[in-house]
Structures are given as structure tokens and as C-alpha cells.
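Q: I have a structure here, written as C-alpha cells, and I will follow up with some questions on it.
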Amino acid sequence: MNLPAGKAAQSSGALSKTKIAAFTLALLGAWLLALAVSLNIGSVRIPVGKALALVLRRLSGGDAGGDPMAAVLFSVRLPRALLGSLVGASLAVAGTAFQSLLRNPLADPYVLGVSTGASLGTILYSIFAGWLGLAVAGGVGVGGGFVFARPVAAFLGAALTVGAVYVIAGGSRRRPGGDSQRLLLAGIVLASFLSSINVFLLTSVNQADIRGIFYWLIGDLSRPVDASVYPVLGLVFGGVFLLFLLSHNLNLISLGEEDALILGVDVRKVKTAVYVIASVITGAVVSVSGPIAYIGLICPHLGRMMFGGDNRILVPTVFLFGAIFTLLADTLARTVLSPAELPVGIVTALAGAPLFIYLLHSKRGSSL
């Protein structure tokens with residue numbers, strides 16, 4: 001009985017490698033196209049050929065010679081485009097992991113309270129920074145030696161929320177498979193509770209800082225990219241790699257926890273690891289961008305429609321799909337009302353809600 005299953009797994013693995021390579025290369029090309037569009041559009045238009053020449057010159061160690069387009073490209077647009085891609089890719093993979101883990105199409109980092117916990121950490125930091133007389137740049141950061149303070153506060157808020165949700169749902173050990181639903185319910189309840197605390201705390205924030213915090217709470221990529229993004233890069237790429245390694249076990253768990261146990265999967269350890277890793281990824285990117293809604297909900301659904309339900313394919317392809325979705329949304333956010341800008345979270349919500357309703361109706365009666 002085990003031998004045919006093993007052969008099928010090997011065949012499926014070989015097929016998955018081919019699909020992974022094909023889909024990933026196709027989406028990588030689409031992301032490069034979206035990046036070219038994003039770099040070109042703005043108050044100062046930078047032709048694609050010019051942008052490519054400037055990038056190649058920078059990579060080869062050449063000097064732009066005081067070219068004003070180079071200043072716009074390397075100081076503003078390229079860092080923002082790369083940050084938006086990183087945030088969207090991370091939230092999309094985290095949403096994929098949560099939905100597969102909890103076997104619920106509505107599970108995403110926002111629903112599970114991770115984003116709300118990060119928001120609470122940021123608001124508390126802003127309040128304490130004001131009390132201590134620190135300069136809060138734009139309401140959500142500090143300059144000088146405190147460049148890591150706000151991201152650390154947001155990350156700690158997310159981490160504590162993850163722990164609280166896991167503790168609240170801890171009674172699920174009495175019934176196999178019950179912990180998934182209890183985690184989801186605990187996350188929803190705690191997110192609602194923390195949202196109320198966030199609104200209450202905003203009344204204590206300096207009026208000069210409240211606009212920046214409000215934009216951050218919606219999801220914003222307009223803050224200049226600083227050194228705080230480097231630890232985020234490490235956490236994201238390390239976490240995504242670990243989720244890819246666990247993707248086969250996630251496939252087996254999605255077929256049934258008892259069957260996965262029979263096949264040798266340590267279900268409880270895998271589920272705990274996936275939950276913690278996805279939460280760490282979410283906390284890391286939310287600490288630099290704010291909680292951007294719908295990316296972790298919509299992108300996994302679109303990925304399954306296009307590529308199927310195999311997590312070995314979904315993890316790398318949804319990573320790129322989330323990057324493309326967020327990059328295009330941010331391009332629209334900073335240009336639709338130019339010279340004014342919208343928070344990217346508004347665009348993702350306006351696009352995501354109707355899209356999710358469409359997916360809900362188009363997949364009526366089907367399962368993940």
C-alpha cells in the first residue's frame with residue numbers, strides 16, 4: 001500500500017519541479033514588466049530604456065553624473081517598488097500558509113490578528129516616544145540611532161499577539177483537527193479586541209503625529225526606506241524558504257490529519273512551525289509598511305485558480321504574484337491623484353473586496 005503512494009509522490013515531485021520552474025519564470029517576467037511600468041510612471045517620467053541604462057551603470061560601479069532622473073530612480077522609485085514587492089510577496093505567502101494550515105479560505109494575516117498586534121505595537125511606541133520627547137518622523141518612525149525602534153515595536157506587538165492567540169486556542173488538543181478552527185476563532189476575537197484598543201489609544205497620540213499613524217494603519221509605502229528593512233529581508237526570505245520546505249507536509253495535512261500521521265508527518269509540530277513562521281513573516285513586513293489588507297486573502301485564491309492547490313507550486317508562484325499585485329496597486333496609489341498620494345491599503349481594499357466577491361461567486365460550491 002505504501003509503495004504505490006511513494007511512486008505517486010515521486011512522480012508528483014518530478015512534475016512539480018517542472019511546473020515550479022515554468023510558472024516561476026513566467027511570473028518573474030511579469031514582475032519585471034510591472035517593475036518597468038512602476039519606474040516609468042510618476043511626476044517625472046523615466047523611460048524604460050533610460051531606467052535600465054541607469055541601473056546597469058549603477059551595478060557596474062559607474063557614476064550617474066548628477067543626472068536628476070538617477071536621483072529620482074535610486075532615492076525614491078526603485079526602493080519603494082522593491083519594498084512594495086517584498087511586502088506583497090510576504091503577505092501573499094503568509095496568507096497561503098494560513099489558509100492551507102487552517103483549511104479555511106478566509107484565513108489571512110489580518111483576520112488572525114497578527115497585523116492588528118503589529119499596529120498596537122506601533123501606536124504604543126509612538127505614545128511612549130512622545131512622552132520621552134523623541135522625534136517621531138511622520139508619526140511612525142524616529143531618526144538617528146532609533147531607526148530600528150518602530151519596526152521592533154511593531155514586530156514585538158505581532159509576536160505577542162501570535163503567542164496570545166496560540167494560548168487562547170490551546171484547549172484544542174482535546175480533539176484532533178479542532179485546533180485549526182480554534183486558532184481562527186481566537187485570532188478573529190483578539191483582532192477585534194485589539195482594534196478597539198488601537199482606536200482608544202489614538203486619542204492619546206499627538207495631533208501632529210496622528211495623520212502619519214492613520215496612514216500607516218491603512219497600509220502605506222511612502223515612508224523612505226531605511227536600514228530597518230535589512231533584518232526584514234532576512235526574516236522574510238528565511239521564512240519563505242522554510243515554508244517551501246514544509247509545503248509537502250502541508251499538502252498531506254490538507255488531505256486529513258489522520259492520514260498525514262499515518263504517512264509519518266508530525267502534524268502538531270508542522271502546524272506549529274507553519275503558524276509561527278507565517279506569523280513572523282507577517283510581523284516583519286507589517287513593521288515597515290503597516291497592515292495592508294486583502295493581499296493575503298486574494299493572492300492565494302488567484303494562485304490556486306491559476307496553478308492548482310499544490311503548496312510546492314503555490315509558495316514560489318504566489319510570492320511573485322503578491323509582489324506583482326502590490327507593485328501595481330502602489331503605482332496606482334501614487335499616481336491616480338498625482339501630485340497627492342493614496343495609502344496603498346486603500347487601493348488594495350478597493351480592488352480586493354470586489355475581486356473576492358467575484359471569486360466567492362465564481363467558486364460557489366467548490367472547495368479549496
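Q: Can you find even one residue in the range 313-326 that is surrounded by fewer than 24 Cβ atoms within 10 Å (Cβ to Cβ) and more than 28 Å from L32 (Cα to Cα)?
A: No - not one qualifying residue is present in the range 313-326.
Q: Right, here's the next one. Among the residues of the range 229-247, write down those that are buried (at least 18 other Cβ atoms within 10 Å of the Cβ) and over 16 Å from the mean Cα position of the chain (by Cα).
A: Within the range 229-247, L246, S247 qualify.
Q: Name the residue, out of D259, D226, that is part of a helix (DSSP H, G or I), surrounded by fewer than 22 Cβ atoms within 10 Å (Cβ to Cβ) and of a type in the set (D, E).
A: Result of the check over D259, D226: D259.
Q: Shifting gears a bit: With (1) closer than 17 Å to L82 by Cβ; (2) buried (at least 16 other Cβ atoms within 10 Å of the Cβ) as the list, and L194 as the residue in question, which single condition is left unmet?
A: Of everything listed in (1) closer than 17 Å to L82 by Cβ; (2) buried (at least 16 other Cβ atoms within 10 Å of the Cβ), L194 misses just condition (1).
Q: For the range 264-285, what are the residues that are outside any helix (DSSP H, G or I) and loosely packed, with under 15 Cβ neighbours inside 10 Å?
A: Scanning the range 264-285 gives G264, D266.
Q: Condition first: without any contact (Cβ under 8 Å) to a residue 12 or more places away in the chain and either in contact with a Phe, Trp or Tyr (Cβ under 8 Å, 6 or more places away or on another chain) or part of a loop (DSSP other than H, G, I, E, B) (or both). Can you find one or more residues in the range 202-209 that meet it?
A: Yes, the range 202-209 contains at least one residue that is without any contact (Cβ under 8 Å) to a residue 12 or more places away in the chain and either in contact with a Phe, Trp or Tyr (Cβ under 8 Å, 6 or more places away or on another chain) or part of a loop (DSSP other than H, G, I, E, B) (or both).
Q: Exactly one of these conditions fails for I20: (1) at pLDDT 80 or above; (2) in a helix (DSSP H, G or I). Give me its number.
A: Unmet condition: (1).
Q: Moving on to the next point. Just checking, which of L233, L183 is part of a helix (DSSP H, G or I) and modelled with pLDDT of 90 or more?
A: Going through L233, L183 in turn, just one is part of a helix (DSSP H, G or I) and modelled with pLDDT of 90 or more: L233.
Q: Any residue at all in the range 121-132 that is closer than 30 Å to R312 by Cα, of a type in the set (A, V, I, L, M), part of a helix (DSSP H, G or I) and touching a residue at least 40 places away in the same chain (Cβ under 8 Å)?
A: Taking every residue of the range 121-132 in turn, none turns out to be closer than 30 Å to R312 by Cα, of a type in the set (A, V, I, L, M), part of a helix (DSSP H, G or I) and touching a residue at least 40 places away in the same chain (Cβ under 8 Å).
Q: Conditions first: (1) within 17 Å of V276 (Cα to Cα); (2) modelled with pLDDT under 85. G256 passes all but one, so which condition is the exception?
A: (1)
Q: Among the residues of the range 301-318, are any closer than 22 Å to L25 by Cα, part of a helix (DSSP H, G or I) and aromatic (F, W, Y)?
A: There is at least one residue in the range 301-318 that is closer than 22 Å to L25 by Cα, part of a helix (DSSP H, G or I) and aromatic (F, W, Y).
Q: Output the residue which, of all residues in the range 286-312 that are of a type in the set (V, I, T) and in contact with a Pro (Cβ under 9 Å, 6 or more places away or on another chain), is nearest to A323 (Cα to Cα).
A: Once the filter is applied, the top-ranked residue is I295.
Q: Follow-up question, since we're still on this one. For the range 328-350, which positions are β-branched (V, I, T), assigned to a helix (DSSP H, G or I) and without any contact (Cβ under 8 Å) to a residue 24 or more places away in the chain?
A: Of everything in the range 328-350, just one residue is β-branched (V, I, T), assigned to a helix (DSSP H, G or I) and without any contact (Cβ under 8 Å) to a residue 24 or more places away in the chain, namely V347.
Q: I've got another one for you. Name the residues in the range 100-113 that are surrounded by fewer than 23 Cβ atoms within 10 Å (Cβ to Cβ) and polar (S, T, N, Q), would you?
A: Hit for the range 100-113 is N104, nothing else.
Residues checked against (1) surrounded by 16 or more Cβ atoms within 10 Å (Cβ to Cβ); (2) more than 23 Å from the chain's Cα centre (by Cα); (3) within 16 Å of I281 (Cβ to Cβ); (4) modelled with pLDDT of 80 or more:
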residue	(1), (2), (3), (4)
S38	yes, no, no, yes
G49	no, yes, no, yes
S75	no, yes, no, yes
S119	yes, no, no, yes
L124	yes, no, no, yes
W131	no, yes, no, no
V136	yes, yes, no, no
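Q: Within the range 335-349, is there a residue that is more than 18 Å from the chain's Cα centre (by Cα), among the aliphatic types (A, V, I, L, M) and at pLDDT 90 or above?
A: No; the residues of the range 335-349 include none that is more than 18 Å from the chain's Cα centre (by Cα), among the aliphatic types (A, V, I, L, M) and at pLDDT 90 or above.
The values are calculated or read from the model by the stated rules, or taken from the named source; none is laboratory data. What you see is a predicted model, and the numbers here were worked out from it, not measured in a lab. Every residue, glycine as well, gets a Cβ built from its backbone with ideal geometry; the counts of neighbours run over all protein chains shown.
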